[in-house]
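Below is one structure; the comments refer to it alone.
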Amino acid sequence: MNVHEYQAKALLRDYGVAVPHGRLATTPAEAEDAARSLAAPVVVVKAQVHAGGRGKAGGIKLAKSAGEAKTLASEILGMNLRSHQTGPEGKIVRKVYVEAGCDIARELYLGIVLDRAAERLAVIASTEGGMEIEEVAARSPERILTVHIDPGLGLQPWQVRRVGFGLGLDAEQVGRLQDFLAGLYRLFVEKDASLAEINPLVVTGDGELLALDAKLNFDDNALYRHPDVRELRDPEEEDPREREAKEIDLAYVGLDGDIGCMVNGAGLAMATLDMIQVCGGSPANFLDAGGGADKEKVAQAFKLILRDQNVKAILVNIFGGIVRCDLIAEGVVAAAEELGVEVPLVVRLQGTNAAEGREILAASGLDITPAETLGEAGQKAVAAARGREAGEA
Amino acid sequence: MAILCDRNTRLLVQGLGRMGRFHAGLSTEYGTQVVGGVHPGKGGQVIDGIRVFDTVHEAVEETGANATVIFVPPPGAADAVLEAAGAGLELAVCITEGIPALDMLRAKAALAGSSLRLVGPNCPGLVTPEQCRIGIMPARITRPGPVGVVSRSGTLTYEAVDQLSRLGIGQSTCVGIGGDPVIGTSFVDALALFEADPETEAVVMIGEIGGSAEETAARFVQEHMTKPVAAFIAGQNAPPGKRMGHAGAIIAGGQGKASDKIAALEAAGVAVARSPAEMGETLAKLR
């Protein structure tokens, strides 16, 4: 789960990590108020959306007066911000964060991630602040410093010294980094974060350390024990279909093709998308109905798939291990009848009670194309979507 | 011979909820020796013919169990793994999906000093055909034979096993290692076991996007495997930054792309099926 910059900074402040003073605003008047209360010579008006690249996209602007902050906020609020991370459709800005400007001497990068290969949390630091770390890793990997943390011991002072002196900080600044990084690590572990990025970490003209930007992601699997973090969710930032899927406990990812997919199991669902592409088609979505798929789940999944106007055919691919194919078939028939599915339906049932399932489909009188193997299912689904396309033309 | 489990495995079931009970029953039906259950507070009861204990220690002492399958819900699952290790078991297979990543990180680090091998979490378990079933796999689709199967997925494993069985190719052991970012047994661990198993002649490995376990496995195959390996990588067209069902199936920071994994595996001499319909045939051509 992602949170906004202003939410991340509030959490950082709670953990003693130095961040600039700032206030949230949802109207130009509030932005003006915020700028006035900060009483800083320069304030920064920052669009709050769940995406990076905001500066280049025109979502971050400097203001020298409260009046100017108001004007800038009126431009940024409501804008459709398009960056390389938002996709071409962009994101509507609904909130701005007004923050006191600071005197920047150096811009550094500091992050904590779960290093899956090392099976450790890793502190990642770089002198190339303000750039994307992936870019630095590709261009100048020697400028990246990585320190792995033993989960039993936690972050050790020597590790902070290694990072701090490695970044070229002086002894006093390294002392400040001890509190800064210890707070960041404690926040990461106590709140079950999955990513923390301070980019840039700024060294001010006075030698202070400040988190100028902050990105926090949290482990969805641990949200059950962090009601405070769960409350930070901003549904406006999520794809509406993905949000709806989450509410009914389906894993769904919207894609830009025209073949809707319903599959049981994440691996088989990914493989089904691959199968469609091997056959020359293009999937409209990833949908894992889960190991416990039943009649009701099938109906909900169909509703979700059909909401996508691009869908020209639907492929149902079920490998019944524990799930019984006859029950799935009943669900498909019920959903198709209830929803009046008008696009061609290709159904592949394999595994437990597959033969009974196919009989139910055949006896339903519905126009359902059965498929035996995965390859056949892919071919028939692609042909069905193409036929639909030709019919429209 | 097979790997990890066979007809001599003496299995405990930790967590006798609806799912634990259902699958314990299927495993018993398949011929697996399910010797006891562990469910704190239910010690002394007999549930579906299974003697239940409050702690794993007690269950091991009383039954001589050497393996356990864990169905404990996410908040207590990592603790259940550590309890199994503390009781001296050799094998724990954790089926639970949705365990916080940091819980597994700590548990995995703590296992380093124990004799326990963990498989999973978030995995379908193991089947050694006609001998032993641990977890939730549909054992019916397997048949005994010389091919080892190792996979990060559940239903896609069944698909691969089914393709093999239809071609008349049986399996030595089918291992689901799980779809989470931190797991007990890696591809490399499973490949090493198959390499050492005299009854395994070839291996099918099914990976997916996310992480770099397939790349590490490719290096292992190149340097240490004499047996042929066929592979498939799911998610060849998955968009970056999106979690594709499994917690670990996400392309992040430019890492974990299927194309990189396929390239690494092919460079190591692994035959990679481009179509998921050809997993079985790709293996068949190697033999």
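Sorting B:136, B:99 by accessible area (1.4 Å probe), largest first, what list results?
B:136, B:99
For the protein assembly as shown, give me every cysteine whose Cβ has no other Cys Cβ within less than 4.7 Å, ordered by residue number.
Cysteines lacking a close Cβ partner in the protein assembly as shown: A:102, A:261, A:279, A:325, B:94, B:123, B:174.
Classify region B:209-287 as rounded, prolate or oblate from the Cα gyration tensor: take a ≥ b ≥ c as the square roots of its eigenvalues, call it rounded if a/c is under 1.5, otherwise prolate when a/b beats b/c and oblate if not.
Oblate shape, in that a/c is at least 1.5 and b/c is the bigger or equal ratio.
Under 11 Å from the 7 Å Cα→Cβ point of residue B:263, by amide nitrogen: which residues of region B:211-239?
No residue passes the distance filter.
Could you work out the per residue convex hull volume over the alpha carbons of region B:10-119, in cubic angstrom?
Cα convex hull per residue, to the nearest whole number: 87 Å³.
From largest to smallest, what semi-axes in whole angstrom does the protein assembly as shown give when each is the square root of 5 times an eigenvalue of its alpha carbon gyration tensor?
Working through the eigenvalues yields semi-axes of 45, 32, 23 Å.
Buried accessible area between B and A (1.4 Å probe, both chains summed, ligands and nucleic acids excluded), in Å² to the nearest 100?
Interface between B and A: roughly 3700 Å².
Tell me the Kirkwood hydrodynamic radius of chain B in angstroms, computed as one over the mean inverse distance between distinct C-alpha pairs.
18.9 Å
Can you give me the Cα centroid spacing of region A:76-147 and region A:228-294 in angstrom?
Going from one Cα centre to the other spans 27 Å.
Using θ = phi - 60° and the Karplus curve 6.51 cos²θ - 1.76 cosθ + 1.60, what whole-Hz ³J(HN,Hα) does each residue of region B:102-108 get, with Gly and Pro shown as x?
Rounded to whole hertz, the list is 5, 4, 5, 4, 5, 5, 4.
Just to confirm, what accessible area per residue do you get for region B:142-284 at 1.4 Å probe, in whole Å²?
Counting only protein heavy atoms, the per-residue value for region B:142-284 is 30 Å².
Counting Lys and Arg as +1 and Asp and Glu as -1, what is the net charge of the other residues whose Cβ lies under 13 Å from the Cβ of residue B:206?
Neighbour charge sum, excluding residue B:206 itself: -4.
Within region B:203-287, how many lysine pairs that are 8 or more places apart, or on different chains, have C-alpha atoms less than 23 Å apart?
Lysine pairs, 8 or more places apart or on different chains, close enough: 5.
Pop out the carbon and sulfur fraction of the accessible area of region A:42-130 as a percent, whole number, probe 1.4 Å.
C and S fraction of accessible area: 52 percent.
What is the diffusion coefficient of region A:21-101 in µm²/s, taking the Kirkwood radius over Cα pairs and the Stokes-Einstein relation at 37 °C with a viscosity of 0.692 mPa s?
The calculation lands on 271 µm²/s.
Return the lysines within reach of residue A:191: Cα separation strictly under 16 angstrom, same-chain partners fewer than 8 residues apart disregarded; answer none if there are no such residues.
List returned: A:9, A:215.
Mind listing the Cα extents of region A:239-392 along all three principal axes, in Å, largest one first?
33, 33, 29
Report, please, the projected area of chain A averaged over directions, based on the convex hull of its C-alpha atoms, in nm².
Over all viewing directions, chain A projects a mean Cα-hull area of 22.8 nm².
Relative contact order for chain B: what percent, with Cα pairs under 8 Å and sequence separation of 6 or more?
Once normalised by length, the contact order is 14 percent.
When only DSSP loop residues count, what GluC sites (Glu not before Pro) in region A:300-350 have their Cβ near at most 13 other Cβ atoms within 10 Å?
Taking region A:300-350 and a limit of 13 other Cβ atoms within 10 Å, the loop GluC sites (Glu not before Pro) found are A:342.
Could you work out [θ]222 nm for chain B from helices alone, using -39500 (n - 2.57) per DSSP H run of at least four and dividing by all its residues? Round to the nearest 500 deg cm²/dmol.
For chain B, the value works out to -10000 deg cm²/dmol.
For residue B:62 and residue B:140, what is the calculated FRET efficiency with R₀ set at 35 Å and r taken between the beta-carbons, to the nearest 0.05?
After rounding, the FRET efficiency stands at 0.65.
Mean shadow of region A:151-294, computed from the convex hull of its alpha carbons, in nm²?
Its Cα hull, projected and averaged over all orientations, spans 13.2 nm².
Using only the heavy atoms of the protein chains and a 1.4 Å probe, how would B:71, A:180 rank by accessible area, largest first?
Per-residue accessible area, sorted high to low, gives B:71, A:180.
For region A:158-238, report the accessible area per residue in Å² (1.4 Å probe, heavy atoms, rounded to an integer).
41 Å²
Leaving out ligands, DNA and RNA, and with a 1.4 Å probe, what % of the accessible surface on region A:239-392 is carbon or sulfur?
Looking at region A:239-392 in its full context, I get 46 percent from C and S.
Quick one: if the Förster radius is 60 Å, what FRET efficiency do residue B:7 and residue A:29 give, using the C-beta to C-beta distance and rounding to 0.05?
So the FRET efficiency works out to roughly 0.20.
Pairs of lysines 8 or more apart, or on different chains, with alpha carbons under 16 Å: count those in region A:239-392, would you?
Lysine pairs, 8 or more places apart or on different chains, close enough: 5.
Using a loss threshold of 10 Å², tell me which positions in region A:313-331 are less accessible in the complex than in their chain alone. Probe radius 1.4 Å, ligands and nucleic acids ignored.
A:319, A:321, A:322
Tell me, what is the FRET efficiency for residue A:103 and residue A:162 to the nearest 0.05, using R0 = 45 angstrom and their Cβ-Cβ distance as r?
Efficiency, rounded to the nearest 0.05: 0.95.
Pairs of Cα atoms under 8 Å, at least six residues apart: use those to get the relative contact order of chain A, whole percent.
The value is 12 percent.
Please sort by residue number the trypsin sites (Lys or Arg not before Pro) in region A:84-182 whose DSSP state is loop and whose Cβ has at most 16 other Cβ atoms within 10 Å.
Those satisfying the criteria are A:94.
So which trypsin sites (Lys or Arg not before Pro) in region A:289-389 end up in coil per DSSP with only 16 or fewer other C-beta atoms within 10 Å?
Qualifying residues, ordered by number: A:307.
Name the residues of region B:100-117 whose accessible area, probed at 1.4 Å, falls by at least 10 Å² once all protein chains are in place instead of their chain on its own?
Output list: B:100, B:101, B:102, B:103, B:105, B:106, B:108, B:109.
Residue A:249: accessible area at probe 1.4 Å, nearest 10 Å²?
Ignoring ligands and nucleic acids, residue A:249 comes out at about 120 Å².
Report residue A:142's accessible area, 1.4 Å probe, all protein chains in place, as a number in Å² to the nearest 10.
Only protein atoms counted, so the area is about 140 Å².
Are there residues in region A:219-233 whose accessible area shrinks by at least 10 Å² when all protein chains are included rather than the chain by itself, and which are they (probe 1.4 Å, ligands and nucleic acids not counted)?
So the qualifying set is A:219, A:220, A:221, A:224, A:225.
Might you work out the accessible area of residue A:243 for me, using a 1.4 Å probe with all protein chains in place, and round it to the nearest 10 Å²?
Using a 1.4 Å probe on the heavy atoms, I get roughly 80 Å².
In square angstrom, what is the accessible area per residue of region B:10-119 with a 1.4 angstrom probe?
That works out to 41 Å² for each residue.
Stick to the Cα atoms of region B:142-284, pair each with every other, and give me the Kirkwood hydrodynamic radius in Å at one decimal.
14.8 Å
What part of the accessible area of chain B, given as a whole %, is carbon or sulfur when the probe is 1.4 angstrom?
For chain B, the apolar C and S fraction of the accessible surface comes to 49 percent.
The values are calculated or read from the model by the stated rules, or taken from the named source; none is laboratory data. Please read these numbers as outputs of a predicted model, since none were measured by experiment. We place every Cβ from the backbone using ideal geometry, glycine too, and count neighbours over all the protein chains shown. Only protein heavy atoms, including side chains, enter the accessible area calculation; ligands, DNA and RNA are left aside. Shrake-Rupley method; radii C 1.70, N 1.55, O 1.52, S 1.80 Å.
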